[in-house]
Amino acid sequence: MSLDVSPELLAEAEQGDIREEDFVATVRTSLPYAYDLVASLAAELKGGTAEFSDNQTPPPSEKERGQLLRALASDAIRGSLERHFGIALAFQNCHRVAAFRPDSLDGESYTKFTSVRSQVLNQSPEFRDC
């Protein structure tokens, strides 16, 4: 299971829409490694002038890697994190996630980062089973 959903949030969802802030709070407590990584990338991006900030450090364990993969594989989780932090996320391999400024998605850096060439160049045998 990806998220530890409280009985209250589940009941609210069964009745209709939920507040995105409540969903993000659930993501933060359920997937703390993924949430903290995205938060740090967003802070780094907002604190500087670079077009993007990215993580190239593998997670400390498979538990954390799983959190990151679950967060980025879910459109709802990923989209909520992007809206919450005001960024756009891009993902290349089991841990290389980048935060971009939303207005730079037509730019050269985003296009290069998300290209099939970059995907191939950012592979190595240790990523095969990640």
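The values are calculated or read from the model by the stated rules, or taken from the named source; none is laboratory data. Computed from a predicted structure; not experimentally measured. Note that each Cβ is placed from the backbone with ideal geometry, even for glycine, and that neighbours are counted across all protein chains shown. The accessibility values were calculated without ligands, DNA or RNA, using every heavy atom of the protein model including side chains. Shrake-Rupley method; radii C 1.70, N 1.55, O 1.52, S 1.80 Å.
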* Asked: Does residue 70 qualify as being buried (at least 17 other Cβ atoms within 10 Å of the Cβ) and over 11 Å from the mean Cα position of the chain (by Cα)?
  -> no
* To do: Would you check if there is a residue in segment 88-103 being farther than 21 Å from residue 2 by Cα, of a type in the set (Gly, Ala, Ser) and open to solvent by 20 Å² or more (accessible area, probe 1.4 Å)?
  => no
* So residue 40, is it of a type in the set (Gly, Ala, Ser), in a helix (DSSP H, G or I) and modelled with pLDDT of 95 or more -> yes
* To do: Please work out if residue 31 is open to solvent by less than 30 Å² (accessible area, probe 1.4 Å), under 16 Å from residue 96 (Cα atoms) and at pLDDT 95 or above.
  => no
* To do: Looking at (1) open to solvent by 50 Å² or more (accessible area, probe 1.4 Å); (2) out of contact with any strand residue (DSSP E or B) (no Cβ under 9 Å at 6 or more places or on another chain); (3) without any contact (Cβ under 8 Å) to a residue 24 or more places away in the chain; (4) not aromatic (Phe, Trp, Tyr), find the lone condition where residue 20 falls short.
  => (3)
* **Residue tally, condition at pLDDT 85 or above and of a type in the set (Lys, Arg), over segment 97-116** => 1
* **Those residues of segment 5-17 which are surrounded by fewer than 13 Cβ atoms within 10 Å (Cβ to Cβ) and either under 21 Å from residue 67 (Cβ atoms) or in contact with a helix residue (DSSP H, G or I) (Cβ under 8 Å, 6 or more places away or on another chain) (or both), in sequence order** => 10
* Structure fact -> Given (1) closer than 17 Å to residue 79 by Cα; (2) part of a helix (DSSP H, G or I), residue 18 misses just (2)
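Is it fair to say residue 53 is at pLDDT 95 or above, surrounded by 15 or more Cβ atoms within 10 Å (Cβ to Cβ) and assigned to a helix (DSSP H, G or I)? Step through it out loud before you land on a result.
Values: at pLDDT 95 or above: yes; surrounded by 15 or more Cβ atoms within 10 Å (Cβ to Cβ): yes; assigned to a helix (DSSP H, G or I): no.
Considered against the rule, which asks whether it is at pLDDT 95 or above, surrounded by 15 or more Cβ atoms within 10 Å (Cβ to Cβ) and assigned to a helix (DSSP H, G or I), residue 53 comes out as no.
Table: residues versus (1) part of a loop (DSSP other than H, G, I, E, B); (2) out of contact with any helix residue (DSSP H, G or I) (no Cβ under 6 Å at 6 or more places or on another chain); (3) open to solvent by less than 50 Å² (accessible area, probe 1.4 Å).
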site	(1), (2), (3)
3	yes, no, yes
35	no, no, yes
59	yes, no, yes
65	no, yes, yes
78	no, no, no
* **segment 104-116, subset over 23 Å from residue 73 (Cβ atoms) and assigned to a loop (DSSP other than H, G, I, E, B), residue least open to solvent (accessible area, probe 1.4 Å)** => 107
